[in-house]
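*Asks:* Right, I'll just put the structure down here and ask away after.
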Amino acid sequence: MKIVAIIGARPQFIKHFPFELACKGKVDLITVHTGQHYDENMSEIFFTQLNMSPPSFTLHVGSGSHGEQTGKMMIEIEKIIEDTKPDGVVVYGDTNSTLAGALVASKLHIPLFHIEAGLRSFNKKMPEEVNRVLTDHISDLLFVPSGIAVQNLKDEGVEQGVYEVGDIMKDLVQYVTGNDLLRDHSPKEKNFYYATIHRPYNTDDKERLTYVLETLEQLDKKVIFSLHPRTKNLASSYGLNLKDYMNICFIEPQSYFSNLAYLQNSEGLITDSGGMQKEAYWLKRKCITIRKETEWKETLVDHANILLFQDLSKINDELEKQPHSYNINLYGQGSSASKMVDKIIQFIN
């Protein structure tokens with residue numbers, strides 16, 4: 001049995017590792033790396049740090065407009081699928097790589113399996129929302145992390161092939177923490193907040209990005225800010241001097257282990273990421289999400305995760321409100337990947 005898996009962005013490398021482990025001895029896995037993320041710490045380091053198998057194909061698509069990037073991917077992915085003739089295609093999440101792989105599989109009538117299906121922000125201005133909705137509606141198997149995701153799909157008339165299996169990112173967090181793999185990556189800094197900001201609505205306007213940075217500058221603890229390449233480039237284009245922010249320590253994008261170690265050792269997370277909201281929850285760290293909405297609504301229970309967007313002056317107060325407890329079973333027990341592989345094998349056979 002032969003499966004092609006499409007990856008291309010940092011969150012997809014994280015999700016792919018547990019899936020690759022679960023496939024061993026059961027499925028011939030062909031990995032296609034689109035090159036959507038091409039910075040070393042955003043991509044290549046995952047293969048060395050996690051001992052993932054090198055991609056079978058690397059496309060080096062790089063950056064570009066959504067249409068240009070997706071179109072280039074589709075051209076190359078179509079060639080690979082026609083040459084390898086897989087029994088199915090796996091796509092992860094909601095990136096342009098996801099949509100490109102999904103559209104090619106659908107057009108070539110190859111069974112399509114969507115990992116992390118059913119999530120909705122209900123904000124169609126987010127390209128990720130468009131990608132995930134379109135992918136869900138052409139998938140044969142939809143692997144969802146929660147009951148809310150099941151209901152989202154049901155509301156759209158998608159009920160066949162939907163399986164609630166938990167979240168595959170939890171598989172990896174449990175693997176890493178259970179094997180004490182963060183010990184050698186603990187930061188020297190103490191008593192800090194950790195921040196990651198990269199989404200267009202926080203960065204694509206000079207006034208907005210300045211507001212975010214000035215807010216972090218005023219927090220009661222030092223902020224360690226892992227600087228996404230697009231955020232760094234935009235700040236430079238606006239003429240912002242990052243050295244002017246004395247309370248913020250800007251660092252390069254971190255490897256998976258280092259990123260988790262910073263989060264685990266922080267006093268709280270400030271982010272607009274999707275996946276890091278979950279990681280903060282599993283590591284029992286308070287999260288402030290600088291967005292109007294979240295796909296991970298379950299993390300909002302008991303103030304574990306707070307949505308703030310218009311008025312960021314509330315960040316300090318909200319960071320002090322700690323949840324009474326964390327649900328250790330949120331998004332499964334860390335065995336999602338094996339459940340998915342078994343369902344895929346059953347479907348194909």
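*Asks:* So, Glu128, is that one modelled with pLDDT under 95, of a type in the set (D, E, K, R) and either outside any loop (DSSP other than H, G, I, E, B) or crowded, with 22+ Cβ neighbours inside 10 Å (or both) or not? Full working, then the answer.
*Replies:* Values: modelled with pLDDT under 95: yes; of a type in the set (D, E, K, R): yes; either outside any loop (DSSP other than H, G, I, E, B) or crowded, with 22+ Cβ neighbours inside 10 Å (or both): yes.
Here the answer is yes, as Glu128 does meet what is asked.
*Asks:* Looking at the range 76-95, is at least one residue open to solvent by 40 Å² or more (accessible area, probe 1.4 Å) and either of a type in the set (Gly, Ala, Ser) or farther than 30 Å from Asn349 by Cβ (or both)?
*Replies:* no
*Asks:* Among the residues of the range 325-334, are any in a helix (DSSP H, G or I) and under 24 Å from the mean Cα position of the chain (by Cα)?
*Replies:* no
*Asks:* Pull out all pairs, ordered by first then second residue, where Cβ-Cβ is under 8 Å, the residues are six or more apart or on different chains, the first lies in the range 335-346 and is within 13 Å of Gly25 (Cβ to Cβ) and open to solvent by 10 Å² or more (accessible area, probe 1.4 Å), and the second is assigned to a helix (DSSP H, G or I) and of a type in the set (Gly, Ala, Ser).
*Replies:* Listed by first residue and then by second, the contacts come to Ser338/Ala22.
*Asks:* So, one more: Does the range 303-314 hold any residues that are open to solvent by 40 Å² or more (accessible area, probe 1.4 Å) and outside any loop (DSSP other than H, G, I, E, B), and which are they?
*Replies:* Scanning the range 303-314 gives His303, Leu307, Ser313, Lys314.
*Asks:* With respect to the numbered conditions (1) outside any helix (DSSP H, G or I); (2) surrounded by 18 or more Cβ atoms within 10 Å (Cβ to Cβ); (3) among the charged types (D, E, K, R), which one is the sole condition not fulfilled by Asp220?
*Replies:* (2)
*Asks:* Working carefully through the options Leu240, Leu234, Leu300, find the one that is in a loop (DSSP other than H, G, I, E, B), open to solvent by 30 Å² or more (accessible area, probe 1.4 Å) and hydrophobic (A, V, I, L, M, F, W, C).
*Replies:* The conditions single out Leu240.
*Asks:* Also, quick follow-up: Could you tell me how many of the residues in the range 235-275 are more than 18 Å from Leu216 (Cα to Cα) and among the hydrophobic types (A, V, I, L, M, F, W, C)?
*Replies:* Within the range 235-275, residues that are more than 18 Å from Leu216 (Cα to Cα) and among the hydrophobic types (A, V, I, L, M, F, W, C) number 3.
*Asks:* Do you know which of the residues in the range 250-261 that are open to solvent by 30 Å² or more (accessible area, probe 1.4 Å) and outside any strand (DSSP E or B) is farthest from Lys15 (Cα to Cα)?
*Replies:* Glu252
*Asks:* So, in the range 113-125, how many residues would count as being surrounded by 24 or more Cβ atoms within 10 Å (Cβ to Cβ) and of a type outside the set (Asp, Glu)?
*Replies:* 6
*Asks:* Let me ask another. Among Thr294, Thr271, which is the only one that is out of contact with any helix residue (DSSP H, G or I) (no Cβ under 6 Å at 6 or more places or on another chain) and crowded, with 23+ Cβ neighbours inside 10 Å? Can you show your working first?
*Replies:* On the way: Thr294 fails: crowded, with 23+ Cβ neighbours inside 10 Å.
Selected residue: Thr271, the only one of Thr294, Thr271 that is out of contact with any helix residue (DSSP H, G or I) (no Cβ under 6 Å at 6 or more places or on another chain) and crowded, with 23+ Cβ neighbours inside 10 Å.
*Asks:* List pairs: first residue in the range 141-155 and over 10 Å from Ala117 (Cα atoms), second residue assigned to a helix (DSSP H, G or I) and of a type outside the set (Val, Ile, Thr) anywhere in the structure, Cβ distance under 9 angstrom, at least six positions apart or on different chains.
*Replies:* Close Cβ pairs satisfying both conditions: Gly147/Glu298; Ile148/Lys297; Ile148/Glu298.
*Asks:* Taking the options Ser313, Ser266, Ser335, Ser325, name whichever one is of a type in the set (Ser, Thr, Tyr), closer than 21 Å to Ile148 by Cβ and modelled with pLDDT of 95 or more. I'd like the intermediate steps shown before the answer.
*Replies:* Values: Ser313 fails: closer than 21 Å to Ile148 by Cβ; Ser266 fails: closer than 21 Å to Ile148 by Cβ; Ser325 fails: modelled with pLDDT of 95 or more.
Testing whether each residue is of a type in the set (Ser, Thr, Tyr), closer than 21 Å to Ile148 by Cβ and modelled with pLDDT of 95 or more leaves just Ser335.
*Asks:* Okay, next question. Scan the range 65-82 and report the pairs whose first residue is on the phi < 0 side of the Ramachandran plot and basic (Lys, Arg) and whose second residue is modelled with pLDDT under 95 and crowded, with 19+ Cβ neighbours inside 10 Å, with Cβ atoms within less than 9 Å and a gap of 6+ or a chain change.
*Replies:* Correct list of pairs: Lys72/Thr34; Lys72/Leu59; Lys72/Val61.
*Asks:* Against the definition (acidic (Asp, Glu), open to solvent by 50 Å² or more (accessible area, probe 1.4 Å) and in a helix (DSSP H, G or I)), how does Glu189 come out, yes or no?
*Replies:* So Glu189 fails the test.
*Asks:* Does Asp317 satisfy the condition of being among the acidic types (Asp, Glu), under 30 Å from Leu112 (Cα atoms) and either over 23 Å from the mean Cα position of the chain (by Cα) or assigned to a loop (DSSP other than H, G, I, E, B) (or both)? First the steps, then the outcome.
*Replies:* Numbers: among the acidic types (Asp, Glu): yes; under 30 Å from Leu112 (Cα atoms): no; either over 23 Å from the mean Cα position of the chain (by Cα) or assigned to a loop (DSSP other than H, G, I, E, B) (or both): yes.
No: the conditions fail for Asp317.
The values are calculated or read from the model by the stated rules, or taken from the named source; none is laboratory data. Since the model is a prediction, treat every value here as computed from it, not as a measurement. Cβ sites come from the backbone with ideal geometry, for glycine too, and all protein chains shown count toward neighbours. Only protein heavy atoms, including side chains, enter the accessible area calculation; ligands, DNA and RNA are left aside. Shrake-Rupley method; radii C 1.70, N 1.55, O 1.52, S 1.80 Å.
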